[in-house]
Amino acid sequence: MFIFTENIIFMNIRPLTLLLAAALLGACAPKATPLKTCIFPGDYPDPSILRDGKDFYMTHSSFTYFPALLVWHSTDLIHWEPVARAVEDGDYSIYAPDLCKVDGKFYIYYPTSRGENYVVTADRPEGPWSAPVKLAVGGIDPGHVVAEDGRRYLYTNNGFVTPLTADGLAADGRAKKVYDGWEYPAEWETEGMWLESPKLLKRGDWYYLVSAEGGTAGPVTSHMVVVARSQSALGPWENSPHNPMVHTYSADEAWWSKGHGTLVDDADGNWYIVYHAYRNGFHTLGRSTIIESVVWTEDGWPVLAESDGAKWEQDGLQGDYGYLRDYDNPLLWARWQPGFADGTLWTTTAVDASYEITAEFSVPEGGSAGLFLFYNEKANKGVTCSDPRFGVRIRNERNSVTIWKRAGEGEWTLVEEGTDVSGFHHNNYNGFFALRPAYLLCGGAELLSFDYKPI
């Protein structure tokens with residue numbers, strides 16, 4: 001037998017004043033062809049990026065999927081490979097991390113759903129990574145910085161900063177508030193201030209604080225990236241006259257809820273920002289990672305190399321994203337930590353607006369298995385079966401789902417057709433997850449094969 005499981009208002013808002021062209025701002029032209037593309041379509045939110053020589057490393061929020069904190073490597077910012085997972089297990093959800101390098105050692109600071117912050121360390125990004133160390137630091141979205149006197153600090157949301165010990169593994173004093181954020185126009189439709197994602201860097205004589213505001217979901221015009229600077233790592237902070245650096249002004253744009261940015265340069269002196277956003281009409285895919293080229297004005301402010309509202313080529317997608325579709329690589333899979341249907345649910349990330357997944361299972365007596373599109377326990381579509389040998393196929397065509405099943409090598413039989421799953425996302429079910437391909441194993445069942453095909 002088999003069991004079936006199913007358990008915005010948009011405003012056209014234009015900025016009061018559009019960002020002037022880089023030439024009018026006196027910005028230095030980029031040395032290479034400007035980048036403006038999505039490098040991680042699918043569920044890759046809250047990107048944190050680090051350059052180490054000519055190598056780039058990135059990690060993202062991993063929520064309740066474990067092993068957690070998947071680390072990626074690239075040499076060109078366009079093609080990436082997964083190299084490690086930094087946290088093996090946990091009984092919490094992991095939010096926006098911060099990846100950094102200090103004195104030859106790599107650190108990932110990350111917050112949890114329990115209001116705690118942890119850090120893991122490694123001699124190289126490929127690992128092995130240490131066991132998590134709990135910090136006496138509250139808040140979320142940590143951002144590490146080394147101050148002008150060599151002391152280390154950890155910024156968190158709402159403009160707070162906490163001193164750290166020299167090894168970066170413990171708090172060394174109380175948190176204090178040093179930044180109030182940028183006051184955006186009152187008529188903008190957002191979720192609220194939600195000052196988060198402090199990411200810090202030093203360029204020349206200035207420290208730059210890059211933050212998120214407006215809320216990360218809700219109205220498509222909510223999120224944004226704002227910039228401030230100071231000659232001290234502890235402020236006082238001066239807001240950029242070009243804020244917001246990144247923002248969605250209208251539901252007509254290719255990407256919704258753009259925000260949560262980190263600045264990074266390459267070995268040739270070119271600058272970029274990575275941030276996340278929802279693809280237009282596809283909250284179900286989660287927040288993708290986008291990269292854009294950055295230039296600096298003559299008076300020392302970072303701005304996008306192209307206007308934020310400039311037309312995206314092919315909705316910002318490019319390439320075949322083979323590095324994201326290598327589903328034979330176990331690093332691309334993580335289990336749903338809360339458990340599901342008395343078994344282990346393994347999930348991965350969909351890349352495309354339309355795709356088809358097929359899985360074959362072997363099931364011993366007393367066991368069961370299944371294939372799903374899974375947001376959470378209340379929002380999913382799939383089939384669970386206890387047949388000794390069976391297959392399930394699920395086609396998701398732009399949020400319209402059709403399911404087939406077959407016994408052994410038999411014919412495919414239609415189970416369900418044209419079910420709308422467009423509402424299976426955070427704005428309806430919370431959690432900041434995505435609708436993910438997933439397979440369920442119970443009572444010794446085995447996955448014999450899994451195939452993902454864009455359509």
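The values are calculated or read from the model by the stated rules, or taken from the named source; none is laboratory data. Predicted model, so just to flag it, every value in this text is computed and none were measured. All Cβ positions, even for glycine, are placed from backbone atoms using ideal geometry, and neighbour counts span all protein chains on display.
On the stretch given as region 414-449, residues that are under 22 Å from A353 (Cα atoms) and either at pLDDT below 95 or under 28 Å from the mean Cα position of the chain (by Cα) (or both) total 21. Where strands (runs of 3 or more DSSP E) fall entirely within region 87-173, those with at least 3 residues that are more than 20 Å from W72 (Cβ to Cβ) are at 133-135, 152-156, 160-164. Condition (residue is surrounded by fewer than 15 Cβ atoms within 10 Å (Cβ to Cβ) and in contact with a Pro (Cβ under 9 Å, 6 or more places away or on another chain)) applied to region 81-100: is it met by at least one residue? Looking for residues that are surrounded by fewer than 15 Cβ atoms within 10 Å (Cβ to Cβ) and in contact with a Pro (Cβ under 9 Å, 6 or more places away or on another chain), one finds at least one in region 81-100, hence yes. Taken together, the residues in region 232-251 that are outside any loop (DSSP other than H, G, I, E, B) and closer than 16 Å to G215 by Cα amount to 2. Among the residues of region 130-144, the one identified as among the hydrophobic types (A, V, I, L, M, F, W, C) and touching a helix residue (DSSP H, G or I) at 6+ places or on another chain (Cβ under 8 Å) is I140.
Does region 403-417 contain at least one residue that is surrounded by 15 or more Cβ atoms within 10 Å (Cβ to Cβ), charged (D, E, K, R) and in a loop (DSSP other than H, G, I, E, B)? Taking every residue of region 403-417 in turn, none turns out to be surrounded by 15 or more Cβ atoms within 10 Å (Cβ to Cβ), charged (D, E, K, R) and in a loop (DSSP other than H, G, I, E, B). All of E313, E356 fail the test of being modelled with pLDDT of 95 or more and among the charged types (D, E, K, R), apart from E356.
Run down L209, L195, L201 and say which single residue is assigned by TED's automatic domain parsing to the domain that holds K258 and within 19 Å of the chain's Cα centre (by Cα).
Of L209, L195, L201, the one residue that is assigned by TED's automatic domain parsing to the domain that holds K258 and within 19 Å of the chain's Cα centre (by Cα) is L195.
For region 348-363, filtering for residues that are over 20 Å from the mean Cα position of the chain (by Cα) and within 20 Å of Y65 (Cβ to Cβ) leaves 3.
Among the residues of region 216-231, the ones that are of a type in the set (A, V, I, L, M) and either closer than 13 Å to W206 by Cα or in a loop (DSSP other than H, G, I, E, B) (or both) come to 4 in all. Candidates S293, S307: the one that is at pLDDT below 95 and in contact with a Leu (Cβ under 7 Å, 6 or more places away or on another chain) is S307. Does any residue in region 262-275 that is at positive phi come within less than 7 Å, Cβ to Cβ, of a residue that is assigned to a loop (DSSP other than H, G, I, E, B) six or more places away or on a different chain, and which pairs are these? Close Cβ pairs satisfying both conditions: G269/K31. Pairing each residue of region 388-410 that is within 19 Å of E446 (Cα to Cα) with any residue that is among the small types (G, A, S) and not in a strand (DSSP E or B), provided the two are 6+ apart or on different chains, yields C-beta distances under 6 Å for R389/G408. Return yes or no: is V71 in the same structural domain as G300 (by TED's automatic domain parsing), crowded, with 17+ Cβ neighbours inside 10 Å, touching a Pro at 6+ places or on another chain (Cβ under 9 Å) and closer than 15 Å to E126 by Cβ? So V71 passes the test.
Let's see how each residue does on (1) under 18 Å from L304 (Cα atoms); (2) among the hydroxyl-bearing types (S, T, Y):
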{"position": "P185", "(1), (2)": "no, no"}
{"position": "A228", "(1), (2)": "yes, no"}
{"position": "W255", "(1), (2)": "yes, no"}
{"position": "D266", "(1), (2)": "yes, no"}
{"position": "T284", "(1), (2)": "no, yes"}
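Within region 315-348, the set of residues being surrounded by 14 or more Cβ atoms within 10 Å (Cβ to Cβ) and touching a Leu at 6+ places or on another chain (Cβ under 7 Å) comprises L331, R335, W336, F340, A341, G343, T344, L345, T348.
Quick check, is L77 assigned by TED's automatic domain parsing to the domain that holds A175, among the aliphatic types (A, V, I, L, M), closer than 30 Å to K36 by Cβ and surrounded by 18 or more Cβ atoms within 10 Å (Cβ to Cβ)? So L77 passes the test.
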